[in-house]
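Just below is one structure, and these are the notes that go with it.
The values are calculated or read from the model by the stated rules, or taken from the named source; none is laboratory data. Keep in mind it's a predicted model, so treat the numbers as computed, not measured. Ideal geometry is used to build each Cβ from the backbone, glycine not excepted, and the neighbour counts take in all protein chains shown.
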Amino acid sequence: MKTIAIYNHKGGIGKTVTAVNFAYNLTEKGYRVLVIDMDPQGNASSFFRKYDLNRPSVRELLTGTRRPSRCIYRTSYKNLDIVPANMWLREVSPEELVGGITTLGSACFAVNSKYDYCIIDCPPSVDFLIEVVMAAVDHVIIPMKPDRFSADGLGTVHDIIREFGHGRVTAGCLFTQFSRNKDSVKIVNEVLLTQEIQVYQNAIRRSQAVDHSLIVKRALARCASKSAAAQDYKDFTEEYLREEKAYGVA
């Protein structure tokens, strides 16, 4: 099982949208996928209709009060399961982690044979939970808007990944909410020239279909399949899998 974090320390840049649509598209390619929601806001959990304050969640997984398998729930999509989060995750302290920073990695290892991919939706923060995530993952996808603040902050995000991932975690930048105009293209070219980080060829275009999909809580490919964003996430998923195959990972 390959474990991938969707992370940026900035909010409002499409982390959860990327996590849920990338996960769904992987199942469309025949893969078994587990989503782990590590954000106390629980947006990915709500999207899959699994936000619940009274059932075991990632909090219980991290504190060891439930086995990993008891914190996993099926979604309405075939081959797509989730470990949900809720606001109680905010109350977890570093001292409560059953295995320290390796807690999440150990939980992933326990279910390794059941899934091909694990997608972790991260909070927009820099704290011990991000350190726990980076200790568990192989790769990080960094969604970012093509604007000045995001471009200026990308170096910081990359530093966080390198520090918490101890230099072994790879990363790639995925531009979201993209509009093909002079300013956006300038930012993309600047990142390509100045940042030592992979930039995916496919960008996710700005689309009202994203808002619609969040309202109806359905993957873009299932509620707005002809939209620009749906096609872009499909193309990005194919790009990701091609690269894995090229490097002998898949």
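Here are some notes:
- Residue ID - surrounded by the most Cβ atoms within 10 Å (Cβ to Cβ), chosen from residues in region 202-219 that are within 14 Å of ILE13 (Cα to Cα) and among the β-branched types (Val, Ile, Thr): ILE204
- Among (1) under 18 Å from the mean Cα position of the chain (by Cα); (2) among the small types (Gly, Ala, Ser); (3) farther than 30 Å from PHE128 by Cβ - the single one ALA171 does not satisfy: (3)
- Extreme residue, nearest to PHE48 (Cα to Cα), among residues of region 177-227 that are of a type in the set (A, V, I, L, M, F, W, C) and not in a helix (DSSP H, G or I): ALA219
- Of all the numbered requirements in (1) of a type in the set (D, E, K, R); (2) surrounded by fewer than 19 Cβ atoms within 10 Å (Cβ to Cβ); (3) closer than 15 Å to ALA110 by Cβ, ASP81 misses one, and that requirement is (2).
- Region 97-147: number of residues that are among the charged types (D, E, K, R) and in a loop (DSSP other than H, G, I, E, B): 5
- Scanning region 121-137 for residues that are β-branched (Val, Ile, Thr) and either out of contact with any helix residue (DSSP H, G or I) (no Cβ under 7 Å at 6 or more places or on another chain) or surrounded by fewer than 20 Cβ atoms within 10 Å (Cβ to Cβ) (or both) yields a total of 2.
- Any hit, region 61-71, residues being in contact (Cβ under 8 Å) with a residue 40 or more places away in the chain, part of a helix (DSSP H, G or I) and in contact with an Asp or Glu (Cβ under 8 Å, 6 or more places away or on another chain): yes
- Among the residues listed as ASN21, ASN86, the single one being surrounded by 17 or more Cβ atoms within 10 Å (Cβ to Cβ), within 18 Å of ILE4 (Cα to Cα), under 18 Å from the mean Cα position of the chain (by Cα) and in contact (Cβ under 8 Å) with a residue 24 or more places away in the chain: ASN21
- Options VAL185, VAL140, VAL191, VAL199; residue that is touching a residue at least 60 places away in the same chain (Cβ under 8 Å) and either under 25 Å from LYS2 (Cα atoms) or surrounded by 12 or more Cβ atoms within 10 Å (Cβ to Cβ) (or both): VAL140
- The set of residues in region 20-47 being in a loop (DSSP other than H, G, I, E, B), within 19 Å of LYS234 (Cα to Cα) and either at pLDDT below 95 or not charged (D, E, K, R) (or both) consists of GLY30, TYR31.
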